[in-house]
Amino acid sequence: MPDAVDQIGAAWRVQRPDVDTSPMQIFGRISRLARILERELTDFFRLHGLERWEFDVLATLRRSGNETGLSAGALNKAAMITSGAITNRLDRLAAKDWVERVPDATDRRAIRVHLTDTGRELVDRLLPLHMDNEQRLLAALTPEDRETLIPLLRKFSESLGDLSLD
């Protein structure tokens, strides 16, 4: 059954048969999926009283181990936002008692960001629900489909320079 991207490709083949529009088969689907997944994840987190970015920052702190916390710069890199934005976001998370800023033990000029107990409990409660939601979104793909897709997506991302969190 043709999807929207197939219909777009067919229209281009009629209008411009001289142009190879086959890349649209990939980019069109990635773009459409990104919008759908963004909406689904946003709705999920809103249902739980969070913005998606809030969970992203809290989860970054949680997976870091939180023993020494992270600098605002490290959070900034992981979240791929500006330093002004991370300051604003940390202010908002601190106001909700989900994170705290603590002076760095080795550098008095630096600040480390830690999860509070409340923030840690929130992430720990939501992570399994979030994974269940993502499983739901992937339900149309068999385990074999997923195992095929993962290395293909990794290869594509790496080819465009997405190599690490740094």
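Annotations
- Fluctuation leader among 36, 111, 150 - the chain, Gaussian network, Cα springs under 10 angstrom: 150
- Of the residues 47, 61, 115, the one that moves most in a GNM of the chain with alpha-carbon contacts below 10 Å is 47.
- Size descriptors for segment 13-67 (Cα atoms only): Rg and Dmax, in that order, 18.7, 60 Å.
- Accessible surface, per residue, of segment 62-157 when the full set of protein chains is kept, probe 1.4 Å, Å²: 68
- Accessible area of the chain belonging to carbon and sulfur atoms, whole % at 1.4 Å probe: 57
- Here the average projected area of the convex hull drawn through the C-alpha atoms of segment 1-136 stands at 11.7 nm².
- Mean projected area in nm² (Cα convex hull; one quarter of hull surface) for segment 78-131: 4.8
- Separation in nanometres of the label points that stand 7 Å from Cα toward Cβ, at residue 25 and residue 8: 1.5
- Angle in degrees between helix 52-63 and the longest Cα principal axis of the chain, rounded to the nearest 10: 60
The values are calculated or read from the model by the stated rules, or taken from the named source; none is laboratory data. Just so it is clear, the model here is predicted, and its values are computed rather than measured. Backbone-built Cβ (ideal geometry, glycine too); neighbour counts: all protein chains shown. Ligands, DNA and RNA are stripped out before the accessible areas are found, and what is left, the full protein with its side chains, is counted by its heavy atoms. Shrake-Rupley method; radii C 1.70, N 1.55, O 1.52, S 1.80 Å.
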